[in-house]
Amino acid sequence: MGSIPEHWNVSKLVWLLEHITTGLNPRANFKFIENGDYYYVTIANFKDGQLFLDEKCDRIDEAAWNVIQKRSDLQVGDILFASISKDGQAYVVSEFPSNWNINESVFKLRFKKDVIMPRFAYYILTNEAYYNELRKNATGSTFQSIKQNKLKLSSIPVPPLAEQNAIAEYLDDKTAKIDECIKLLELQKLDILKFHDAVISETITLGLDRQVNLKDSGLRFVGMIPRDWEVKQIKNVATFHNGDRGVNYPSGNDLVDSGVPFLTSNNLHQLILDVDNAGCKFITRERYDILGGAKIQINDIVYCLRGSVGNCSLNKQLTEGTVASSLMVIRPTDIVPEYLNYLLHSDIIKNQTNVNMNGTCAANLSADNVSRYKIPVPPVSEQKDIVDSLNKKTAKIDEAIRRIDEQINDLRAYRTALISEVVSGKIDVRNN
């Protein structure tokens, strides 16, 4: 915790709590209802102090809500706290939850209001230093979970109530301004990404020579294409390989700090496969050797079939590795790999994905679905020219995106540091 002002106290969390509990898992308690009138909130549905009741929430009915509420007893002023998270995520209940309730991975904390203000407690719980200390005691191999007893025995600083109020008001004001700056930058980034996609889609459809004679592709999501181009299904120019989904699929015990790359959707957030980020997973050589399914080669395209559907990246680095069950490998055989990769990032493919997923509840595709997608295929020499042109254009756009990401990361780091300094008393806000 470090040093705090002399007039502050330090207390175990349990001594400050009026009540702590969680929600319920379905199991034998209730069932999800596809069009239920009530939202079932998990740790994925609140972030940065905001609650998101949207299509990502499972739905329940009134009877299920009553069953959960009997356990959670949610009230205004309670704090939701994620038991599983990479960083501290919490939410202060501002209105009675008449149409939502929580699952068992969400803690409900009710503090004694004559000792701790909810908004101050929120900033303590989401303080990076406090949460990192909590995670030292987390359990679980794949998803580390903070246990209730460990949470209750954690220590937090306790200023006088008037100072807690000053801290909460100060941080509410400062973080709101920082968040607004981040929001504006994210909107700028979104506009640039739309331009990025438009540049790819236009070039992939019309080519580089705008004076060439065109013909109708016969596909409503493609339109006109150069006369000497062909329309083919992807399966005619590439092969498809799923990961091993059988009994040999890696478990938590097979994940290691270094070994053979085991790719997940976290690796698929740019055109070229990212294997250097901190989220890259690895499995043992022994597990890799007994796996069937996709084994990574240079110029393979790794494609997401479930969850972040359609995200994909071209492998230019890995000479071995495999993929999670939600991914597949597309291996170009009769098409320039970089050209196919650009195609898979274009509206031509996104529109076909939307058609395939229309009316389905789960966000998923099959390799067979994608193999039947139709694409415009120019002569090989023209494919290479298009790739060279797009590489130059997208490099400039990517640099603009990188600069915005740097600004966003700097603002988030400043926000984190500010909260830490204020809730530890290193910045005195009483006279602000």
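Coordinate-derived values only; no laboratory data. Nothing here was measured: the structure is a model prediction, and the numbers come from that model. A quick note on method: Cβ atoms are made from the backbone with ideal geometry, for glycine too, and the neighbour counts reach across all protein chains shown.
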Problem - For region 16-59, convex hull volume per residue from C-alpha positions, Å³ - result: 111
Exercise for the section: Quote the convex hull volume per residue of region 9-157, based on C-alpha atoms, as a whole number of Å³. Expected result: 110
Problem - TRP229, TRP15 arranged by Cβ crowding within 10 Å, fewest neighbours leading - result: TRP15, TRP229
Practice task
Starting from the Cα of SER366, step 7 Å toward the Cβ, then list every residue of region 240-257 with an amide N under 15 Å from that point.
Solution key: 240-243
Exercise for the section: Return the Rg/Rh value of region 165-241, two decimal places, where both radii are evaluated on C-alpha atoms and Rh is the Kirkwood radius. Expected result: 1.37
Practice task
Measure up LYS31/LYS70; LYS189/LYS316; LYS152/LYS174; LYS136/LYS183; LYS316/LYS392; LYS194/LYS232 against 20 Å on the Cα-Cα distance and list the ones that go over.
Solution key: LYS189/LYS316; LYS152/LYS174; LYS136/LYS183; LYS194/LYS232
Exercise for the section: Please work out, to two decimal places, the log10 of the ratio I(q)/I(0) at q = 0.07, 0.11, 0.13 Å⁻¹ from a Debye calculation in which every Cα of the chain carries one identical scatterer. Expected result: -0.46, -1.02, -1.24
Practice task
Take the alpha-carbon positions of region 230-377, form their convex hull, and give its projected area averaged over all directions (one quarter of the hull surface) in nm².
Solution key: 8.7
Handout entry: Chain lengthening between ASN299 and ASP385 when straightened (0.36 nm per residue, less Cα-Cα)
Key = 29.2 nm
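For the residues THR319, THR239, THR205, THR394, what sequence is obtained by ranking on other C-beta atoms within 10 Å, fewest first?
Values: THR319 9, THR239 14, THR205 21, THR394 18.
Ascending number of Cβ neighbours within 10 Å: THR319, THR239, THR394, THR205.
Antiparallel versus total DSSP beta bridges in the chain: what percent is that, nearest 5?
Numbers: 48 of 54 bridges.
Around 90 percent of the beta bridges assigned by DSSP in the chain are antiparallel ones.
If you filter region 20-67 for trypsin sites (Lys or Arg not before Pro), then keep DSSP loop positions with at most 15 other Cβ within 10 Å, what is left? Don't skip to the end; give the middle numbers.
Values: sites: ARG27, LYS31, LYS47, LYS56, ARG59; in loops: ARG27, LYS31, LYS56.
Qualifying residues, ordered by number: ARG27, LYS31, LYS56.
FRET efficiency for ASP334 and ARG227, Cβ-Cβ distance as r, R0 = 25 Å, nearest 0.05? Numbers along the way, then the final one.
Numbers: r = 21 Å, r/R0 = 0.82.
About 0.75, to the nearest 0.05.
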Handout entry: 37 °C / 0.692 mPa s Stokes-Einstein diffusion coefficient of region 321-420, Kirkwood radius on C-alpha pairs, µm²/s
Key = 193
